[in-house]
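Presented below is the structure to which this report refers.
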Amino acid sequence: MSAIIEVNDLVKNFGAFCAVDHVSFRVPEGSIFGFLGPNGAGKTTTIKMLTTVLRPTSGTIRVDGYDPTRDQQRVRRSFGIVFQDPSLDDELTAFENMELHAVLYGVAPAERKGKIGALLAFVELADRRNDQVKQFSGGMKRRLELARGLLHQPKILFLDEPTLGLDPQTRNHIWSFIQSLAKEKGVTVFFTTHYMEEADRVADLVAVIDHGKIVAQDPTAELKRKTGSATLEDAFIAVTGHTIREEEASSVDQLRMMGRVWRGRR
Amino acid sequence: MSAIYILWLRQLKRYLRSRSRIVGSLGQPVLFLLALGFGFGPIFAKAGGGSYIQFLAPGIIAMAILFTAVFTGIEIIWDRQFGFLKETLVAPVSRLQIVLGRTLGGATVALLQGAFIFVVCVVAGFRVERVRLVPVALAFMFLIAVLFTAIGTSIASVLEDMQGFQLIMNFIVLPLFFFSDALFPMRGLPKFLRAVLRVNPVTYGVDGIRGALSHGFHFGLGTDFAVLGILTAILLAIGSYLFSRIQL
Ligand SMILES: Nc1ncnc2c1ncn2[C@@H]1O[C@H](COP(=O)(O)OP(=O)(O)OP(=O)(O)O)[C@@H](O)[C@H]1O
Ligand SMILES: [Mg+2]
């Protein structure tokens, strides 16, 4: 299978701190690719660089054959994304958020209403479509973000912790839909998650990143076999270790904090 | 429906839905109009300037537009903090379209705000002397609105959070307003102050509105229009460029 995403020697430094450290991987077209790693490993930073909103320090990226640092427009036409952090307009209604997305992504006017209605029903928000998003609960907002991400059908779907904060029923429901997109429409799915059983169930292939470095890259079955683990969770711990990733992050956070205070004082 | 239109519409909806914002931002110009208009009116008349309200009202209209426009431009910072900015930055439309939609939306909001103040001025006793020139005044109001939304956009594109906000208010927005011909006439000012007023775009905007509605132009319609038009085009270009370079 040909690779729809190709990353070579990708580096991102924030000042002296290296968030993504010479990362290379390939994502085959039509596959479901799990990008796993502990907190602060560099997953979101990598996704930002793949999706044109953050410039790499060095290295090369190809997304659907184009370079996100140069052919930004072409790359943007190839993907859809659900961000880890909120990205809805709270003042608008659920329907208006969907409609805005449909227009930005060029969903044909004739299809807009029908598609929006179907997806809102799918995430069980049909009866709240005309409510402002600021009245929604966290889970409802998350469901709306997902529905919005599925509204236009891109070649590649980036999902950064898509099921964060959702109940198990909704998670299953969403994942079966995403799996069917990959199987039936050939959509490539690039996702991150901290739920290992979820990754084990849906991913064809995983890459594990830790401290900005890729520490494993295999089909899920292969990774479990290599590490002699029964579950992906065990395999994950085998390659990333037991320590909780706080110290490093917090010292960097402290520096950022100091920077803020200092800038504010001037 | 295009990207520009839907982003324009979003801005308008957000404005019309926040009644507290509408009322809140009407408060300041009305206060200026009443306090200065009636407070300085007698002195102004005694000094041979005629009716102060006739002079002041266009300045207050420009003030309402100036403040609202800069604020709506700066809203990009909020959108960055609340996350919505990401949604537009990865969309498969050019950043120029995004920035145009946002700027036109912000400018429309500012123009509406200016129109409200216009009505308030008329209620407070402002007399429109040349009714057929009202469209010219509206054109100047719109130019001021676009210019200062673009300035807000440019500033917001290089700031990460709201911490620089006070700085912008005190060192850009307020000086632009006070060192213009909004509150006092240019005639008879000390030389250096006249020079400052001459390089301030707000001066030309106020002169355009005032020239059309009440006092006649100080610089002339053509000059006002050319200065504002060219500056607006330049600032739009700068705003678009800075916006296109935003990273997350
Ligand atoms: N703008 C920034 N400036 C400085 N450091 C940053 C910035 N963005 C991210 N980092 C740092 O880069 C590292 C990687 O962050 P990233 O968000 O990519 O982690 P992640 O793998 O997505 O983690 P999580 O699972 O918690 O979402 C972290 O240590 C973070 O503090
Ligand atoms: Mg992340």
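Computed values, structure above
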item	result
Solvent-free Debye scattering, log10 I(q)/I(0), computed from the Cα coordinates of segment A:77-211 at q = 0.19 Å⁻¹	-1.14
DSSP beta bridge pairing in the protein assembly as shown, given as percent antiparallel to the nearest 5	55 percent
Expected-Rg normalisation [2.2 N^0.38 Å, Cα atoms] applied to the protein assembly as shown	1.16
Cα-based equivalent ellipsoid of chain A: semi-axis lengths in Å, sorted from largest, via gyration tensor	29, 24, 20
37 °C / 0.692 mPa s Stokes-Einstein diffusion coefficient of segment A:108-170, Kirkwood radius on C-alpha pairs, µm²/s	261 µm²/s
Relative contact order computed over segment B:132-242 (Cα-Cα under 8 Å; 6+ residues apart), in percent	44 percent
Over chain B, relative contact order from alpha-carbon pairs under 8 Å, at least 6 apart, %	27 percent
Cα centroid separation, segment B:183-248 to segment A:151-173 (Å)	50 Å
Cα-Cα separations in segment B:197-244 greater than 13 Å, expressed as whole percent	57 percent
Rh by Kirkwood over Cα pairs, then Stokes-Einstein D for segment B:2-244 at 1.306 mPa s and 10 °C, µm²/s	87 µm²/s
Shielding by partners, peptide A:76-87 (average Cβ within 10 angstrom, other chains)	4
Debye log10 I(q)/I(0) for segment B:144-248, one point scatterer per Cα, at q = 0.11, 0.16, 0.20, 0.22 Å⁻¹	-0.40, -0.77, -1.06, -1.18
Solution diffusion estimate, µm²/s, Stokes-Einstein, segment B:4-65, Kirkwood Rh from C-alpha pairs, 25 °C, viscosity 0.890 mPa s	180 µm²/s
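Each reported figure results from applying straightforward, stated rules to the coordinates on display, with no laboratory input. Small disclaimer: the values here were computed from a predicted structure and weren't measured. In this analysis, Cβ positions are derived from the backbone assuming ideal geometry, glycine residues included, and neighbour counts consider all displayed protein chains.
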